[in-house]
Structures are given as structure tokens and as C-alpha cells.
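*Asks:* Questions regarding the structure given below will be posed in turn.
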Amino acid sequence: MSGVYIFSDKNDIAAEIIGFAKSAGKDAILLVFDEQTAKVMGNSGADKIYLVNGESELVESYARSIAQLLREEGAELFAVGATPRGRDLAARVAVYLNCGMASDVSTLSCGDGQWLTQRIIYGGAVQQTEVLEGLAVVTIPGGKFEPVSGTGEMVNITLAADRRISLEETMPIGHQGADLSAAEKVVCVGMGLEKEEDMQLAKDLAAALGAEIGCTRGIAEERHWLPAERYIGISGAVIKPKLYISMGVSGQVQHVVGIRDSQVIVGIDINEKAPIFAAADYGIVGDMYEVVPLLIKALSE
Amino acid sequence: MARIVACYKWVVDEADIRINPDRSVDLSKAKKKISDYDKCAIEAAVQTATAIGGKAVGLTFGTADARQSLKDALSRGLEEVYYINAEEAAQADGAATANALAAAIKKMEEVNLVICAEGASDTYQRQIAPRIGAVLDWPVATSVSKLEVTGNTLTAVRKLDDCLQTVKVELPAVVSVLPEINNPPIPTLKAVLAAGKKPVKEFSAGELNADLVPKTRVADLQGYVMSRKNLIFKDGEAVDQVKELVAALKKEGVI
Ligand SMILES: Cc1cc2nc3c(=O)[nH]c(=O)nc-3n(C[C@H](O)[C@H](O)[C@H](O)COP(=O)(O)OP(=O)(O)OC[C@H]3O[C@@H](n4cnc5c(N)ncnc54)[C@H](O)[C@@H]3O)c2cc1C
Ligand SMILES: Nc1ncnc2c1ncn2[C@@H]1O[C@H](COP(=O)(O)O)[C@@H](O)[C@H]1O
């Protein structure tokens with residue numbers, strides 16, 4: 001069956017991509033790897049769901065046989081949720097199909113035998129429009145399309161996997177369920193914070209404002225002072241609060257991409273030349289260890 | 001001796017990009033740099049080579065100006081750099097880049113591990129490592145936050161959205177590493193001086209016999225313009241700055 005072939009290890013993204021395919025007037029064919037997901041996705045509007053059986057627990061290991069399936073079926077597009085697993089699988093499939101790929105697209109539309117995509121480059125400073133002719137591969141982050149409903153046929157299929165890589169251990173990462181993207185106010189801490197104990201300063205400001213706490217990548221990934229789902233930017237969360245206040249955040253473009261849709265942006269940084277001030281509505285040039293306590297006091301008055 | 005190859009890209013420094021009022025993109029004033037996270041790929045190669053008694057080498061695919069990167073890369077502990085000098089690099093997409101890099105890797109001897117970074121700071125496509133693996137038909141582990149080579153086996157910890165995965169794979173293999181895998185040191189003066197004497201092997205596009213025709217076509221580039229109020233309080237006492245800020249935020253109706 002020709003059409004848009006879809007995979008995501010996140011069901012909500014898979015559902016949104018099915019929505020895209022249907023709105024583009026294409027058949028939506030979903031690949032899933034376990035019965036539970038097949039069940040959950042049963043009413044997501046896919047015309048066909050392939051339940052893949054195979055010998056590997058790693059979806060990436062099916063790249064070659066998925067590419068073969070897509071070829072045999074005359075697929076028009078392989079659209080994959082932009083997550084670490086999805087990007088990996090998608091890029092390998094693109095090689096086996098010998099075709100172009102656009103990663104993490106913000107828009108996708110279909111023209112005359114071609115796909116038109118937009119994505120950001122240079123950390124978010126520039127938007128690039130690309131044209132992919134014929135069969136192509138794209139990865140798509142969540143939140144870009146509307147899901148639909150409807151049932152289709154379910155087909156069991158066995159695919160061969162690359163067995164050279166083996167899974168030894170899986171350790172779940174605990175999520176605290178913080179949803180920064182829905183927060184009304186966000187206090188963001190950056191590497192200007194000297195010690196982990198000083199997180200209290202950010203917490204106090206957040207409490208005074210009724211805000212969630214976010215951070216830059218380094219605070220989460222290098223220093224591990226906050227969990228990964230709290231960092232904002234091109235590789236983290238994209239937020240759209242009414243108020244964003246940063247403390248000790250330089251404001252490099254990769255971070256700022258994640259806050260562009262904020263209603264009001266405030267930066268507090270000791271360096272007058274920090275790029276955060278160009279991205280901000282209001283700013284204070286000063287030592288946050290002096291400014292933030294004063295701000296907390298002023299807010300509680 | 002076993003070679004550990006670090007792939008790095010010579011990119012425009014995004015901080016120097018100017019956006020014209022019509023949103024066209026001006027790169028003329030932009031300096032170039034080794035892609036930020038590729039420094040972690042280089043450091044990972046150096047550390048792995050040290051641990052197993054192998055040789056850490058660099059590999060870059062770039063236009064003529066990528067020659068400027070060689071000394072910088074070599075000062076970071078690599079023993080030699082392979083430089084694919086090709087005009088095609090200017091238009092290369094993921095397919096062309098992976099083809100070029102894989103072709104060069106095939107020409108090198110005794111490669112047992114290829115290390116890319118998670119993503120390049122210009123494209124941030126996160127395609128090249130899995131693509132190289134597929135082109136070479138080598139196993140791949142992406143999003144690696146920890147890696148260890150013992151004998152002919154690589155053990156890698158992958159950091160995914162929902163879990164940490166430990167995977168094992170026989171070498172040769174390709175990995176992409178996350179920036180948190182290490183903290184690349186700033187090269188010492190001694191290392192910078194020594195870098196000039198280290199060997200560079202140059203490939204031309206013709207020599208590689210690889211398909212460097214891009215499969216995606218860039219139709220348009222548009223700069224992003226941030227239009228904000230930019231009211232910055234920088235003079236006077238902190239107490240007064242804070243007062244002004246609070247007044248402004250009240251007026252905005254956000255507090
Ligand atoms: C491909 C790629 C993807 C990336 N993705 C992301 C991403 O998703 N999110 C992200 O955040 N980053 C990302 N980055 C990293 C990004 O480029 C920046 O390096 C990072 O955002 C900087 O974090 P920071 O502002 O906390 O630290 P720094 O840049 O070190 O800034 C610290 C700031 O604190 C200020 N400061 C120091 N002391 C004080 C004080 N006492 N009072 C007030 N101010 C003080 C300093 O003046 C400075 O401006 C990415 C980079 C690359 C290459
Ligand atoms: N032209 C290049 N030369 C050498 N390595 C590259 C090149 N392009 C990409 N890479 C490597 O592949 C990684 C991912 O790039 P990308 O998929 O474009 O985000 C980079 O961080 C580099 O390690």
C-alpha cells in the first residue's frame with residue numbers, strides 16, 4: 001500500500017503524524033512493535049497497522065528490513081517521531097532507501113511528487129526551507145499536527161533485525177511530570193549559579209512568583225542540578241509562558257529558541273553584553289546574588 | 001594500531017550571524033569554529049585511544065577553508081587528521097556527508113570505532129552517525145553518554161527520553177556521543193605548538209569515489225528576528241533597578 005509510513009516510540013506523536021497524513025489525503029500506515037501499542041493506537045485513524053515481530057528489542061535494528069518493506073509497498077514518505085530512537089532509525093532507513101531526509105521539521109507539506117519542509121539551523125538563528133523529491137524520510141517533533149480517529153486493519157509481520165547490537169540493561173529515567181510547556185511563569189537558572197545550594201534562590205523567586213523552575217542545558221546535563229525535562233532550548237523544552245525570568249543565563253541562541261514564544265522575557269545577568277538582553281523585554285545588569293533577593297522582597301511586598 | 005576516528009565539522013559560529021532587515025542571512029562577518037559538541041567527540045576518541053592503546057585520529061569533510069581547522073583539531077590530542085577537501089561540502093546534505101565520511105573511513109586502515117557528536121551546531125540534524133553506520137554496514141549506538149572498549153567489545157550507555165540503555169556491540173562500530181560524556185580541556189600552549197608538526201592526510205572528492213550529490217534541495221533561508229522591548233536597567237542602585245522592573249511587570253499584567 002502506498003502512502004505515509006509512520007513510526008514513533010511516543011504514541012501521541014504517532015497519532016499526530018497519522019493526522020498529518022490523513023489531512024494530506026494520503027493513506028497512513030503505522031508500524032508498532034508490541035501488542036499494547038497496537039491496541040492503544042487502534043482508533044488513531046491509521047488505515048493499516050503493522051505489528052512487527054522480530055528478534056531484537058531495539059527498533060533501530062530493524063532499519064534495513066523496514067526500508068525493504070517501504071520499497072516493496074511503494075511508500076511515499078517515512079515520517080518518524082523526532083526522539084532519540086526515532087532519529088536513529090529514520091537516518092538509517094534513509095540510507096537504505098538512498099533518499100533525502102529532513103530532521104526535526106517544524107512544517108511539512110506535500111506538493112507535486114515532492115515534500116516541502118522547514119526546520120531551524122544555526123541553533124535557531126535561521127529557518128531553512130527544503131525540498132525533498134520523491135520518497136523521503138522526515139522526523140517530526142510533537143505538537144505539530146492534530147490527531148484524528150478511525151480504525152483500520154491490523155496486520156502481523158515478521159521482520160529481520162540486525163543482531164550485532166545487544167541490549168544488556170534498561171534503566172528507566174524517573175520523570176517528575178513537570179510540564180514546562182504549560183507553565184504560566186518560568187524562572188530559568190543558568191550556569192551563572194555558583195553552587196547547587198544556591199538553587200534555593202531560584203526556588204524562592206519561583207515561589208514568590210508562583211512559577212515553575214527551568215534551566216539551561218548545562219545545569220541539567222553537566223551539573224545534574226535539575227532533571228533533564230527542565231531544560232529549555234533547541235534540544236530541550238519549548239515554552240510559551242506569560243513571564244520568563246532568567247538568572248545567570250547568557251542567552252545563546254540554542255537556549256533562546258525555546259523561549260521565543262514567551263509573552264514577556266526578563267533577563268538578569270552580570271554581563272551587560274550577554275545576548276539574553278537582546279532577546280529580552282526587560283533586563284537588569286547586575287549580580288543575581290544581589291538582585292534576586294531584592295526582587296523576591298519587592299514581589300512579596 | 002587500532003584507530004579511533006573522531007568526526008568533526010568546521011562550522012560558522014552562529015553567534016556571528018547577522019540578519020538583515022529583509023530577513024536575509026549575512027554570514028560574511030561570521031568566524032568559523034569546530035562545531036561545539038564535536039570537541040566532546042574528539043575528547044572521547046582521545047580518551048578511548050588512551051585506554052586501549054590505540055590511535056585517535058580526526059576526520060573532517062569541508063571546503064578549502066576547513067584547512068584552518070586542522071591545527072585546532074590536532075591541538076586537542078588527535079595524532080593525525082584526515083581532511084576531505086571538497087567544494088561539494090558547501091552543498092552537502094546528510095546523505096552526501098555520510099557518503100564522503102564513510103568513503104574516507106574505508107580508505108583508512110584498522111579503524112575500529114568512529115565517534116561523531118550528537119549533532120553539528122549548524123545543522124543539528126543528528127543524522128550523520130547512524131547514516132555512516134548504515135553506509136558502512138557497521139552497528140551503531142547513538143545518544144551515548146558513556147562508553148568503554150574492552151578487547152573487541154564496546155559497551156555503551158545510551159541516554160534516551162525515557163530510559164538509560166546499556167548496549168554491547170562488537171567492533172568496528174559507529175557511535176554518536178552526547179556532550180555530557182566528557183569535559184574537553186582547553187588545549188595547552190605546548191599542545192598548540194605540537195599540533196603544527198602532526199600529520200595531515202588530505203583526500204580530494206575524486207579520490208573517494210563517493211556519491212556527493214545532495215538529495216535535499218535548500219529552497220530558502222530566512223533569518224529569525226527577535227523583536228522585543230529591550231529595556232535594560234543597568235545603572236544606579238540594584239534596589240531601584242528592581243523597583244523599575246517590578247513596576248514594568250505590573251504594567252504588563254504578568255505579575
Ligand atoms: C547543538 C547545540 C544544542 C544546544 N542545545 C541547548 C539547549 O537546548 N538548551 C540550552 O540551554 N543550551 C543548549 N546549548 C548550549 C548553548 O549554546 C549555551 O552554551 C548554553 O545555553 C549556555 O548556558 P548558560 O547560559 O547557563 O551558561 P553560560 O553561557 O556560561 O552563561 C552564564 C551566564 O551567567 C552570568 N553570570 C555569572 N555569574 C553571575 C552572577 N553572579 N549574576 C548574574 N549573572 C551571572 C554570566 O555573565 C553568563 O552570561 C546547545 C548547544 C549546541 C551546540
Ligand atoms: N562535514 C563533516 N565532517 C566531519 N564530521 C561531520 C561533518 N558533518 C557532520 N559530522 C559529524 O556528525 C555529527 C552530527 O552531524 P549532523 O547529523 O549534521 O547533526 C557532527 O557532530 C560531527 O561529529
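*Asks:* Tally the residues that are away from ligand 1 (no atom under 12 Å from the Cβ) and either crowded, with 23+ Cβ neighbours inside 10 Å or away from chain A (no Cβ under 14 Å) (or both), restricting the search to the range B:1-17.
*Replies:* Going through the range B:1-17 one residue at a time, the tally reaches 9.
*Asks:* Can you tell which of A:69, A:77, A:89, A:30 is touching an Asp or Glu at 6+ places or on another chain (Cβ under 8 Å), in the same structural domain as residue A:142 (by TED's automatic domain parsing) and either modelled with pLDDT under 95 or among the hydrophobic types (A, V, I, L, M, F, W, C) (or both)?
*Replies:* From the options A:69, A:77, A:89, A:30, the qualifying one is A:89.
*Asks:* Then there's this: Restricting attention to strands (runs of 3 or more DSSP E) lying wholly within the range A:183-275, give those where 2 or more residues are over 25 Å from residue B:145 (Cβ atoms). Walk me through it before giving the result.
*Replies:* Numbers: elements: A:185-189, A:212-215, A:243-247, A:264-269.
Hits in the range A:183-275: A:185-189, A:243-247, A:264-269.
*Asks:* Here's a follow-up. Looking only at the range B:140-184, which residues are under 23 Å from residue A:8 (Cβ atoms), without any contact (Cβ under 8 Å) to a residue 60 or more places away in the chain and not aliphatic (A, V, I, L, M)?
*Replies:* Of everything in the range B:140-184, those that are under 23 Å from residue A:8 (Cβ atoms), without any contact (Cβ under 8 Å) to a residue 60 or more places away in the chain and not aliphatic (A, V, I, L, M) turn out to be B:142, B:143, B:145, B:158, B:159, B:161, B:162, B:163, B:165.
*Asks:* Does residue B:119 satisfy the condition of being within 16 Å of residue B:44 (Cα to Cα), more than 13 Å from ligand 2 (Cβ to nearest atom) and either of a type outside the set (A, V, I, L, M) or at pLDDT below 95 (or both)? So that I can check it myself, show each step before the final result.
*Replies:* Details: within 16 Å of residue B:44 (Cα to Cα): yes; more than 13 Å from ligand 2 (Cβ to nearest atom): no; either of a type outside the set (A, V, I, L, M) or at pLDDT below 95 (or both): yes.
Judged against the criteria, residue B:119 is not a match.
*Asks:* Scan (1) closer than 28 Å to residue B:132 by Cβ; (2) modelled with pLDDT under 95 for the single condition residue A:55 breaks and write down its number.
*Replies:* So the condition that residue A:55 fails would be (2).
*Asks:* Then there is this: Could you check the range B:41-69 and list, in sequence order, the residues that are under 19 Å from residue B:192 (Cβ atoms) and assigned to a helix (DSSP H, G or I)?
*Replies:* As a first pass, look at the range B:41-69 and keep what is under 19 Å from residue B:192 (Cβ atoms): B:42-43, B:45-46, B:56-58, B:60, B:66-69.
B:42, B:43, B:45, B:46, B:66, B:67, B:68, B:69, listed by residue number.
*Asks:* Still on this structure, I have one more. Among the residues of the range A:254-276, how many are among the β-branched types (Val, Ile, Thr) and within 16 Å of ligand 2 (Cβ to nearest atom)?
*Replies:* 1
*Asks:* Then there's this: May I ask you to list the residues in the range A:92-133 that are assigned to a loop (DSSP other than H, G, I, E, B), facing chain B (nearest Cβ under 9 Å) and not hydroxyl-bearing (Ser, Thr, Tyr)? It would help to see each step written out before you state the result.
*Replies:* Let us first name the residues in the range A:92-133 that are assigned to a loop (DSSP other than H, G, I, E, B), namely A:97-100, A:103-106, A:111-113, A:125.
Next, only the ones that are facing chain B (nearest Cβ under 9 Å) stay: A:98-100, A:103-104, A:125.
Of everything in the range A:92-133, those that are assigned to a loop (DSSP other than H, G, I, E, B), facing chain B (nearest Cβ under 9 Å) and not hydroxyl-bearing (Ser, Thr, Tyr) turn out to be A:98, A:99, A:100, A:104, A:125.
*Asks:* Counting just the residues of the range B:199-229 that are surrounded by 15 or more Cβ atoms within 10 Å (Cβ to Cβ) and without any contact (Cβ under 8 Å) to a residue 60 or more places away in the chain, which one comes out nearest to residue B:90 (Cα to Cα)?
*Replies:* Looking at residues that are surrounded by 15 or more Cβ atoms within 10 Å (Cβ to Cβ) and without any contact (Cβ under 8 Å) to a residue 60 or more places away in the chain, I get B:226.
The values are calculated or read from the model by the stated rules, or taken from the named source; none is laboratory data. Everything numeric here is computed off the predicted structure, so don't read it as measured data. Note that we place each Cβ from the backbone using ideal geometry, even for glycine, and neighbour counts take in every protein chain shown.
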